[in-house]
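As structure tokens, the structure follows; a few thoughts come after it.
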Amino acid sequence: MSDAAGRWALEIDGLDVHYGRVHALRGLTLTVGEGEIIALLGNNGAGKTSTLATVSGVVRSTGGTVRAFGRDITKAKPWEIVGAGLVHVPEGRRIFSRLTVHENLQLGGYLVSDKTVVSRRIDEVYTLLPRLAERRNQHGGNLSGGEQQMLAVGRALVAKPKLLMLDEPSMGLAPLVVAQIMKLIRQINADGTSVLLVEQNARAALKIAHRAYVVENGVITLQGPARELARDSRVVEAYLGA
Amino acid sequence: SGGGEKSDDGPIVLGMLTPLSGSSSAIGPYMKNAAQLAVDEINAKGGVNGRKLELKVEDEACDAKSATAGANKLVTAGVKISVGGYCSGATLPTLPIFEKAGVPMLIPAANSNELVAQHKKNVFLINGTGAQQSDAALKFMKKVGATKVALMDDNTSYSKDIADTTAKLLTGSPALAGRESVTAGESDYGANVNAILKGQPDFIYWTGYYQEGGLIIRQLRQAGYKGNVMVADGSVDQKLVDIAGPEAAEGVFATMTQTPETIQGAEKWIADYKSKFGADPGPYSTQAYDAVRVAAEAVGKAGSTDGDAVIKALEGIDGFQLFSGPLKFTPEHTLSSGGFQILVVENGKIVLKDTLQ
Amino acid sequence: MSTRESVPLLRVQDLHLDFGGVKAVDGLTFQVYEDDVLSLVGPNGAGKTSAFNCITGFYKPTGGSITLHGTDITRLRPSAIAARGMSRTFQNLRLFGELTVLDNVRAGMHLRLRQNALDALLHTPRFRRTEREATDEANRWLDFVGLRGDRGGLARNLPYGEQRRVEIARALACGPKVLLLDEPAAGLNYGEKGELLDLLQRISGLGIAIVLIEHDMDLVMQVSRRVVVLNFGREIADGTPDEVRRDSAVIEAYLGRDDDEEDEEMMSHE
Amino acid sequence: MTTNLATSPARARALFDRIQQNRYLGLVGLAVALLAPFITATNYALSVMTSALLFVMLAVGLNIVVGYCGLLDLGYAAFFAIGAYVSGILATRYGWPLLATVPVVIVAAVVAGIVIGGPTLRLRSDYLAIVTLGFGEIIRITANNLTITGGPSGIYGIPGIMLLGVDLSGPVGLYYTCVVVVALAVLGAARLGRSRLGRAWRFIREDEDAAEAMGINTYRVKLAAYIGGAIWGGLAGILFGAQLSAISPPSFTFLWSALILMAVVLGGMGSTPGVVLGAIFISVLPELLREAADYRYFVFGILLIIVMIFRRQGLWPARAVERQSRRDRRRAEEQDVRKAEEVVP
Amino acid sequence: MTQLLWNGLFVGSFYALVALGYTMVYGIIRLLNFAHGDLYMLGAFVGFGVLSVAGGLATGLGFVALLIVMVIAMLVTGTAGLVLERVAYRPLRGAPRLSVLITAVGASFALEYGMRLAAGPNPEVYPVRLAGDPVNLLGARITVQQASLILIAILLMAGLQWLVMGTETGRAMRAISQDPTAALYMGINVDAVIARTFFIGSALAGAAGVMAGGYYGKIDFLMGFIIGLKAFTAAVIGGIGNIKGAMLGGLALGLLESFGTAWVGGQWRDVFAFGFLIVFLTLRPTGILGERVTERV
Ligand SMILES: Nc1ncnc2c1ncn2[C@@H]1O[C@H](COP(=O)(O)OP(=O)(O)OP(=O)(O)O)[C@@H](O)[C@H]1O
Ligand SMILES: Nc1ncnc2c1ncn2[C@@H]1O[C@H](COP(=O)(O)OP(=O)(O)OP(=O)(O)O)[C@@H](O)[C@H]1O
Ligand SMILES: CC(C)C[C@H](N)C(=O)O
Ligand SMILES: [Mg+2]
Ligand SMILES: [Mg+2]
């Protein structure tokens, strides 16, 4: 078990998700302790994105429960879930392409009622990711792929989440920036945010995670402390390489 | 075709196409009610040839497709005489349908010259034609000493038809001082008013309907126009005055066949209508009423509902009293005298001004 | 071989692209030869995708020229460029999501299907034959890229990695001489990257030149013959993978120093 | 891995899929159309059915533009008007038999398609919608204002169709003429939709840029869709003139364009059986509601909402998935073992 | 000349007002809301109903009465818009874009013919009329009422512009218009924001309806059709989803019609206006203020 405080940030229990005829999640069970970074690994189509999207309330589960910070959010609306402090950086970035970089960041703080706090946090993001500051008045859609990814992460930070869920944040980033982002995640975590990290870059993910899960065909097949999994031969073979 | 020839003592079915939907749908109920009034009156007196009359009404929607479907439906329902037709454009394609079914048509309202130009032997117009209306208009223009006449229409078949025939008459004095077509259904005719006033007319003749007519009169006055305004029969409705506002409408003339309001002794008819339907009769209620009566008369004279016999009887009618005067069809099957007279708005009411006799 | 090498298949000469103030591409020059596997790398926003967009006709460059097989294609529309033997994939997948996987691949064959409207209306034998051939070939390309998912199903329902394969199959179906791939390994895990590497080598084996944009250095190092490094729209290095890897400017701007990584390793949690 | 696919909704869906893919479906539809007059053959029923057929033809034509190619066209009645007027004018003013006007109408429709499509197809959908709407209005107003088109009263006395000395102008003759023509039109549109060109239309609908990247000259292919739609509309116009014997500008208003579009969407964009069904629905429903008199269009409106809520993809949506024939599947399996070198680009 | 200009601007500001609501709704859910013009009609009838009930009381107060009535009508049409969204549009969230067009046309029919059932097919005349004596300004006849109506229109537009561009809600609206799912990830209550947009857009249409009723006097159940079409046109030429654009589009359309009538006559006016628009759009394919983003590939 983890060394984190006794409470769970997220408890997913027996989650089922169907897309029409496709049974994408089959009783998936997973927990994120408060203060933990959890890595979720798996092949394409294993159900990682589906897991996050269901937690966010964007996809409806067909069975199982989701609890966040002790509260049942299985049937909650997406905005209630964000309101509860669960923020999701979606796969494929989903930047508002015809809003400026700055406006995108402001939307990150949509549920924060004190707007001075929002602008302070935006400034913090600008210091963390100076590239965004340079492009603050450019349309999100005109950013390069990597810049968009930075914006997506930055946008989530403005919400100051209690649990941050990231879906492949390193996708499309230059190696240097991947390192930066991972560092950033660790920093956010150190400031008290729990993290659920979906990554194809397993090496980078396992490096910063406390614990990790491997999902295959919609069920968890492996779990354990990140360092142990990093040595597990099955993980090495499939996700890490020599 | 036909189909409903069940027995010779069942009711004689009359069919009416009239707009019940679309932008002219205000008229439909007037025509329908008035026709029903006539049917009920005749039935109360024992019907025709010992048979009752029955009225079937279909929506014409002022649209060709709706009208043809409606006409076919009426024919299928065994209609013997058609007493409907309001929009010329929608009525035109129904002519061959009724013709093939051997059904005579007494068209109460639609009056485009195109209806006449086809020379269909089953088609009779109860309303004065555009040409007759133009003649009346010109007569009156001369009478009031108009020198520069401007014409405004709404781009529909009926309206443009009158404007065109009137324009042809305006060669010497009065002279044509401009023409303008508006788009029906809008609210602001300021631009059209502007354009028409460029020619500095002293007499403006609006040949469209009252909805736009009321607005145009009002906007003409607001633009400072002080000359005469006259409207054609499509605009004769109390609503014209309401829309224009009583001050603006005051003194506006109209070319119109006789209306219940202008006919001596028609008060009783109005009262009957009102008590039956709880509303005042509106435009084309008299014509619809008359169409039913003429139909009954012709069937009575012919002694049968056979199409050709009825047509013969219709052609033979002479002096049958209509609201618009004694009836006698011309060889073209139009009214021999259009029966047009001039009305005027006086103290907010439309009253008879001049019979042009 | 050597004569071929001297005549480049694709030549990009002093390419410029400005967006208002932003110089997305700023004097880029490179050549691609037959059988080449050229990687274009560089920091995010360096102008790699923009360069692709210019080369394939989606952006009109503000300066410079592009020639393919010796003919100037700088101002042609994308379809005309594709017709001359260059096809591409997109950084953000651009599959026809509401169409079937097979139809997606048939899109690539559009240019080569000899069939007209009359054939279609009358269902002539030629129509039947070409349709059959199209299906066969589409299936072959899907086999080639190793697609596992349902070919008759909607493309958007495939998992991400599979969608990447379909996009490559679609580009291959165009019958290109030069294939431009924009970050094909993004979103793939280790095992899948291995399959991609194999796929790239097989494509190369078909005699198709590949230009690759990629941030995954392992893949770049293993597959490329040459690597061009961009920064701020300009070339900062050009050479074999090994040369580029050791280039200090590249390390500074793009790769980062190794000790950075070690640093992190040590910081792992207790 | 033990999902039971034999659950009843799945089986129903599979059955539906099979019906949808049935190649005899068209024949069944044709048989229904041919036999309908034996059930009821009053003039009224025939005229409603003929109108429905014309509507089917229009909807199928518009489906090429909107359903296949994804171009929002709010002025489709324009092509319908062009067909009706060109043939009407030639038939009444110059005494041509209606059949002889067909080639001229086709040429006119193609020209009109190019004139409006040429300069404006570069526009993205909503701007294109306005341009087409404007084009529709321009055509109607022009017809309303010119003398050759008969002004606001239009053209009347259009003769019926004569074929090899057989008079087809009666309600029955006309109906069967329409059945044949419309059946061919539906078949033609469906076949085009399943061809190389039809696929290209759909690629453009899905993603224009990606289509370009595949070597599809999107401009030319879109123009082809436009021209196709125009031809279908123009031909329907001829039949319309033959049916009503009179045509006038109010028959070609924006409302008409909107109704045709509704038939396409209501039926299921891009789906031939769907569009046919949608057209029948849109054209017959108001007739069925004649009895509701004053409530007619009120009920019609409410019904449209209800239908759409329950079938958001349309009454009969386009078939999304493609089932590989057994031969294809077997071959695919064989090919799995073979090696990739055999693939020739 | 100035008269033409003034006419065009006056009519155009009506178009603009209706176009604003249109463009808002369009902007957020890409719905060609064919029922929008009918909400304008509804507003006019609500105003009429209130004025008739209030009777002589209102007639005396004139302009002020109209303002009060306008607020009531805005509330009613706004609510109607909400209901419409809830009943006819929300169930189709996520459906193909054109599917919603059908329910919009259905709603349009239902509103038009529902009103016909309720109020009859005859046009009605407002008991309060804004006439007023014109003053001559640079050769144009201008009434105080006209000027005030334009002023109200401008104020409403300015408020809207501020709402959409300057507030959190506006930002949320724009976000939803681009990617509703991503908006969910931001914690935006998408349903609520869309509903709010409908309320505002519909209320604006209602306001325009009352203004038209009070100024022109005549209302009828089909009065929304043409203006709905014009609003759509105006919204598009202005650059869809763009508030300022809708305003400019409305004014441009008004001016085009005004000058078109003067130059080529009323019967060719629409040919002129549409012809101009087509040429304009071919040259500037994203409307007056539509953003010219190079679509990224
Ligand atoms: N909208 C959808 N409709 C149908 N099937 C879907 C849909 N979304 C996902 N799926 C299917 O659900 C399964 C799980 O998909 P999911 O996106 O969660 O995988 P993932 O682990 O995130 O994969 P990747 O690494 O490719 O992002 C896959 O088989 C996918 O095809
Ligand atoms: N349409 C546009 N308008 C304005 N700026 C643009 C546009 N397209 C690209 N840019 C800018 O040009 C620069 C180069 O972008 P490009 O997408 O080519 O980068 P890239 O090298 O592909 O980066 P990545 O690795 O992150 O995908 C970026 O800074 C981007 O913001
Ligand atoms: C005044 C009306 C009776 C004219 C009729 N609407 C027609 O089109 O002929
Ligand atoms: Mg995923
Ligand atoms: Mg890129």
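The values are calculated or read from the model by the stated rules, or taken from the named source; none is laboratory data. Being a predicted model, the structure only gives us computed values, none of them experimental. We place every Cβ from the backbone using ideal geometry, glycine too, and count neighbours over all the protein chains shown. Protein only, heavy atoms only, side chains kept; ligands, DNA and RNA dropped before computing areas. Shrake-Rupley method; radii C 1.70, N 1.55, O 1.52, S 1.80 Å.
The table for this structure:
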{"item": "Conditions (1) in a loop (DSSP other than H, G, I, E, B); (2) free of Cβ contacts under 8 Å to residues at least 60 places away in the same chain; (3) among the hydrophobic types (A, V, I, L, M, F, W, C); number of the one not met by D:Ile158", "result": "(2)"}
{"item": "Qualifying position, being without any contact (Cβ under 8 Å) to a residue 12 or more places away in the chain, more than 16 Å from ligand 1 (Cβ to nearest atom) and within 29 Å of A:Val236 (Cβ to Cβ), among C:Arg202, C:Arg246", "result": "C:Arg246"}
{"item": "Options A:Arg98, A:Arg94, A:Arg131: the member that is closer than 23 Å to C:Phe90 by Cβ and surrounded by fewer than 19 Cβ atoms within 10 Å (Cβ to Cβ)", "result": "A:Arg98"}
{"item": "Matching residues in the stretch B:219-238 - criterion: being more than 21 Å from E:Thr2 (Cα to Cα) and either free of Cβ contacts under 8 Å to residues at least 40 places away in the same chain or not in a helix (DSSP H, G or I) (or both)", "result": "B:Lys226, B:Gly227, B:Asn228, B:Val229, B:Met230, B:Val231, B:Ala232, B:Ser235, B:Val236, B:Asp237"}
{"item": "Residue count for the stretch E:169-185, restricted to those that are at the interface with chain A (Cβ under 7 Å from one of its Cβ atoms) and in contact (Cβ under 8 Å) with a residue 24 or more places away in the chain", "result": "1"}
{"item": "Strands (runs of 3 or more DSSP E) completely within the stretch A:63-180 that count 1 or more residues being polar (S, T, N, Q) and touching a His at 6+ places or on another chain (Cβ under 6 Å)", "result": "none"}
{"item": "Flag for B:Gly265 being at pLDDT 90 or above and surrounded by fewer than 24 Cβ atoms within 10 Å (Cβ to Cβ)", "result": "no"}
{"item": "Any hit, the stretch C:171-182, residues being more than 12 Å from chain D (Cβ to nearest Cβ) and part of a helix (DSSP H, G or I)", "result": "no"}
{"item": "Whichever residue in the stretch A:44-62 is within 12 Å of another protein chain (Cβ to nearest Cβ) and in contact with a Ser or Thr (Cβ under 8 Å, 6 or more places away or on another chain) and, among such residues, is nearest to ligand 2 (Cβ to nearest atom)", "result": "A:Val58"}
{"item": "Hits in the stretch B:129-160 (condition: free of Cβ contacts under 8 Å to residues at least 60 places away in the same chain, assigned to a loop (DSSP other than H, G, I, E, B) and either within 16 Å of ligand 1 (Cβ to nearest atom) or within 21 Å of D:Thr142 (Cβ to Cβ) (or both))", "result": "B:Asp154, B:Asn155"}
{"item": "C:Glu137 within 14 Å of chain A (Cβ to nearest Cβ), buried (at least 20 other Cβ atoms within 10 Å of the Cβ) and in a helix (DSSP H, G or I)", "result": "no"}
{"item": "Qualifying position, being under 18 Å from C:Asp182 (Cβ atoms), open to solvent by less than 40 Å² (accessible area, probe 1.4 Å), more than 16 Å from ligand 1 (Cβ to nearest atom) and in contact (Cβ under 8 Å) with a residue 12 or more places away in the chain, among A:Leu163, A:Leu184, A:Leu157, A:Leu143", "result": "A:Leu143"}
{"item": "Subset of the stretch C:159-171 that is within 14 Å of ligand 1 (Cβ to nearest atom) and at pLDDT 85 or above - its residue that is nearest to A:Asn43 (Cα to Cα)", "result": "C:Glu162"}
{"item": "Test: residue in the stretch C:99-111 that is within 16 Å of ligand 2 (Cβ to nearest atom) and touching a strand residue (DSSP E or B) at 6+ places or on another chain (Cβ under 7 Å)", "result": "no"}
{"item": "Boolean, D:Val110 is under 19 Å from the mean Cα position of the chain (by Cα) and open to solvent by 10 Å² or more (accessible area, probe 1.4 Å)", "result": "yes"}
{"item": "Residue tally, condition under 30 Å from A:Leu132 (Cα atoms), surrounded by fewer than 21 Cβ atoms within 10 Å (Cβ to Cβ) and more than 16 Å from ligand 4 (Cβ to nearest atom), over the stretch A:55-91", "result": "4"}
{"item": "Residue selected from the stretch A:12-48 under the condition open to solvent by 50 Å² or more (accessible area, probe 1.4 Å), within 14 Å of ligand 4 (Cβ to nearest atom) and in a loop (DSSP other than H, G, I, E, B), by the criterion farthest from C:Gly149 (Cα to Cα)", "result": "A:Asn43"}
{"item": "Test for A:Ala205: is it more than 16 Å from ligand 1 (Cβ to nearest atom), open to solvent by less than 30 Å² (accessible area, probe 1.4 Å), hydrophobic (A, V, I, L, M, F, W, C) and more than 10 Å from chain C (Cβ to nearest Cβ)", "result": "no"}
{"item": "Matching residues in the stretch D:282-308 - criterion: being open to solvent by less than 50 Å² (accessible area, probe 1.4 Å) and free of Cβ contacts under 8 Å to residues at least 40 places away in the same chain", "result": "D:Leu285, D:Pro286, D:Leu289, D:Arg290, D:Ala292, D:Arg296, D:Tyr297, D:Val299, D:Phe300, D:Gly301, D:Ile305"}
{"item": "Subset tally (residues that are facing chain D (nearest Cβ under 7 Å) and under 19 Å from the mean Cα position of the chain (by Cα)) for the stretch E:278-291", "result": "1"}
{"item": "Flag for D:Ala183 being of a type in the set (A, V, I, L, M) and open to solvent by less than 20 Å² (accessible area, probe 1.4 Å)", "result": "no"}
{"item": "Candidate set from the stretch B:188-197 (those that are part of a helix (DSSP H, G or I) and facing chain E (nearest Cβ under 8 Å)); member that is farthest from E:Gln146 (Cα to Cα)", "result": "B:Ala195"}
{"item": "Wholly enclosed strands (runs of 3 or more DSSP E) of the stretch C:34-107 bearing at least 2 residues open to solvent by less than 20 Å² (accessible area, probe 1.4 Å) and either free of Cβ contacts under 8 Å to residues at least 40 places away in the same chain or within 16 Å of ligand 5 (Cβ to nearest atom) (or both)", "result": "C:37-41"}
{"item": "Residues (more than 9 Å from chain A (Cβ to nearest Cβ) and more than 22 Å from C:Asp238 (Cβ to Cβ)) located in the stretch C:184-228", "result": "C:Glu195, C:Leu196, C:Leu197, C:Asp198, C:Leu199, C:Gln201, C:Arg202, C:Ile203, C:Gly205, C:Leu206, C:Gly207"}
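Yes or no, residue by residue, for (1) touching a residue at least 12 places away in the same chain (Cβ under 8 Å); (2) open to solvent by 10 Å² or more (accessible area, probe 1.4 Å); (3) more than 7 Å from every other protein chain (Cβ to nearest Cβ):
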| residue | (1), (2), (3) |
| --- | --- |
| D:Leu164 | no, yes, yes |
| D:Pro171 | yes, yes, yes |
| D:Arg202 | yes, yes, no |
| D:Ile227 | yes, yes, yes |
| D:Ile231 | yes, yes, yes |
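For (1) more than 8 Å from chain D (Cβ to nearest Cβ); (2) in contact (Cβ under 8 Å) with a residue 60 or more places away in the chain, each residue gets a yes or a no:
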{"residue": "B:Glu54", "(1), (2)": "yes, no"}
{"residue": "B:Ser82", "(1), (2)": "yes, yes"}
{"residue": "B:Ser88", "(1), (2)": "no, yes"}
{"residue": "B:Thr91", "(1), (2)": "yes, yes"}
{"residue": "B:Pro104", "(1), (2)": "yes, yes"}
{"residue": "B:Asn111", "(1), (2)": "yes, no"}
{"residue": "B:Val116", "(1), (2)": "yes, yes"}
{"residue": "B:His119", "(1), (2)": "yes, yes"}
